Every structure is written in structure tokens, then in C-alpha cells.
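I have placed the structure first, in the form of C-alpha cells, so that the comments after it can refer back to it.
The values are calculated or read from the model by the stated rules, or taken from the named source; none is laboratory data. Small disclaimer: the values here were computed from a predicted structure and weren't measured. So basically every Cβ, Gly included, is an ideal-geometry build from the backbone, and we count neighbours across all protein chains shown. We work out accessible area using only protein heavy atoms, side chains counted, and drop any ligands, DNA or RNA first. Shrake-Rupley method; radii C 1.70, N 1.55, O 1.52, S 1.80 Å.
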Protein chains: 2
Amino acid sequence: MNIGDVAERSGLPAKTIRYYEDIGFICPARSANGYRQFAQKDLHKLTFVGRARSLGFTIEDCRTLLALYEDRGRASADVKRVAQQNLADIDAKIADLQDMRATLSHLVTSCAGDGRPDCPILDTLGGAPKA
Amino acid sequence: MNIGDVAERSGLPAKTIRYYEDIGFICPARSANGYRQFAQKDLHKLTFVGRARSLGFTIEDCRTLLALYEDRGRASADVKRVAQQNLADIDAKIADLQDMRATLSHLVTSCAGDGRPDCPILDTLGGAPKA
DNA sequence: GCTTGACCTTCCACCAACTGGAACCCTTAT
DNA sequence: ATAAGGGTTCCAGTTGGTGGAAGGTCAAGC
């Protein structure tokens, strides 16, 4: 398979696939003309990484997960630990965003949004700095 | 005020303040020794930007908001539009994260997390790629 | 007067995770 | 012959800063 095929099947842009090679996720063979020749296994790994990324795992998480994936004897507890950490990170992000949302939504609601200049949003942002 | 004072009062690291000067948010005077000399107005603007950033506004949003802030005649509708867009972005991010969270949480729950190698998390990530 | 330590300065490099673009090669069809 | 549509490399840019080196400045203590 050439990079275009793999891109289509994995759903990742070709650029990203080259990048993933760069950082050592895959190491496809090369044919005589220099084109990358992908094996099923490469496609598999790329799809794996694509899914993990879409679930919010970082690249380093993916590296860990790939190693666990390749290790037939790994304990599921190791995988679960990575996933749980990720879950906690996601929860923290959601909480942050919900805080922001609450404040901002309050400000938006209180702003008339008309042609006059008085605006509680700017007033709040520009409130007196501490001492 | 020197940069250290402004850092403390605005809550922003000195590095960040220099960066904000770089990108044109402020333009503090300089004293004979080359030190930045911050006026109240600079502190004000930095605090403004710090608050806006903590509400998830991008740097470019901040640029817009600062301009509106400085413009005594602006319409509050202009500000509201920026804030509403930000709110929509935040909502989209929250929805994304909640999707991730649901999937991942399901996977984590279904994984035994013991010493055995079978792991539904990896099984799902590694499932057969499309045709 | 000298040193010490806390400040300040600039500049350059780096982080994540790609993405865009230039300049060029390979293959196939017309 | 040439044009379209692959592929290749490499360099630079994105966002919003952060870390560190190398060096200038200032105030206090001895």
C-alpha cells in the first residue's frame, strides 16, 4: 500500500502518517522508487493511534498504549491505569470549561448587546486590579 | 513600576508580560537603564488580558476586546458577539470532551484491570480498520 | 571598594501535534 | 511530449507561552 491508500483507510492525513513515522510509531518498508510500502500491521497501528488520539490520549500515551498493545503478556491493569489517568484529565478539562462557561454565560446574558457603549463584559474584564 | 511589581499585581509571569509586549498588547516606557517602566494603564491592560485569557478568549480575541475596551464609543453588541462566539466554542469543546469521556469511561469500566492480558480497551482501539 | 544576591535585559530554543508550502521525482495516460 | 496525480524531502509556521544562557544593574552588607 502507498501512503494515499493508508491515509484513506486509516482516516489520517498523509502528512500525519509521515509525522507518525518521524516520531517512531511506524517504520514502513520502502520500495525501489523511495515510496513507503505499508504492511497491514502499519495500517493497524495507525488506526489504533488514530482512535486513541480521538479519545484524547496524548502522543506519549499512544506510545505507551502501542507498546502494551504489542506486548502479548501485559497486564490489563497497566492499560487501565493509562486510561483512567486520561479520564481524570478529561474530567478536569470539562470542569474548567464549565467554570468558564458559567462566568461567560452570565456576562453575555447581562450585556444588552445593543448600540450603546456600556458593556458589563468589558467592565468586568477591566475591573480594578488588586492593590 | 518594574516588571516584577507588575507581574505580582497582574498575576502574570514576567516572561508572559514580555511576550505580551512582543505581540503588541502593551508598549511600556523605558528608563535610562533599559528597564521597562509600567504605567497604571499597562497594569490595567495586562490584568484585562489575564482575565480574558482565563475565560478562554484567544490572543486574537483579546486583541479585539482590548481595542473595543479602548474605544469609548463602541457598541456593546460588538463585544457581545465576540463573547458569544467564545461561548459557542466552549460549548463545542465541552460536548467533544463529554463524548470522549463517555466512550473512555465505558472502556475503563469494562476492563478488569488485573494481571491478565485480555483488555477490552486495547481490543477496541485495535479493532479491524475499515476494508 | 568589593562582593553577593536579587533584579532586569536580550536572544535563542523548545513544548504538542501537526499543517502548509516549495521544490522536486515517479508513473500512467493521452 | 506532456500533463495530471501520485509520491519524496525539508523548512517554516501554528498557539501561547516557558526555560535557560549570558550579561547589565542596583542596593545592602562587610
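Data overview
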item: Exceeding the 29 Å Cα-Cα cut-off - candidates A:LYS93/B:LYS80; A:LYS41/A:LYS80; A:LYS41/B:LYS93; B:LYS41/B:LYS93; B:LYS15/B:LYS41; A:LYS80/B:LYS93; result: A:LYS41/B:LYS93; B:LYS41/B:LYS93
item: Gyration tensor (Cα) of the protein assembly as shown, equivalent ellipsoid semi-axes in angstrom; result: 47, 23, 19
item: Most positive-pole-ward Cα, B:LEU107, B:PRO117, B:ALA83, against dipole of the range B:29-131 from beta carbon charges; result: B:ALA83
item: Folded to 0 to 90 degrees: helix A:76-110 orientation relative to chain A principal axis, Cα; result: 30 degrees
item: Cβ-vector label at 7 Å, B:ALA92, separations to other copies in nm; result: 2.6
item: Cβ-vector label at 7 Å, A:ARG30, separations to other copies in nm; result: 4.9
item: 0 to 90° range, to nearest 10: angle between helix B:40-54 axis and chain B longest Cα axis; result: 10 degrees
item: Heavy atoms of B:HIS106 accessible to a 1.4 Å probe, total area in Å² rounded to 10; result: 120 Å²
item: Where chain A is the region considered: accessible area per residue in Å², 1.4 Å probe; result: 52 Å²
item: Calculated P(r) tail over 17 Å for the range A:1-56, as whole % of Cα pairs; result: 26 percent
item: Extreme residue, positive dipole direction of the protein assembly as shown, given options B:ALA32, A:PHE57, A:PRO28 (C-beta unit charges); result: B:ALA32
item: Taking the range A:1-121 and dividing mean pair separation by its residue count, relative contact order in percent (alpha carbons under 8 Å, at least six apart); result: 16 percent
item: Space enclosed by the convex hull of the alpha-carbon atoms of chain A, per residue, Å³; result: 212 Å³
item: Rounded tilt (10° steps) of B:59-70 against the dominant C-alpha axis of chain B; result: 40 degrees
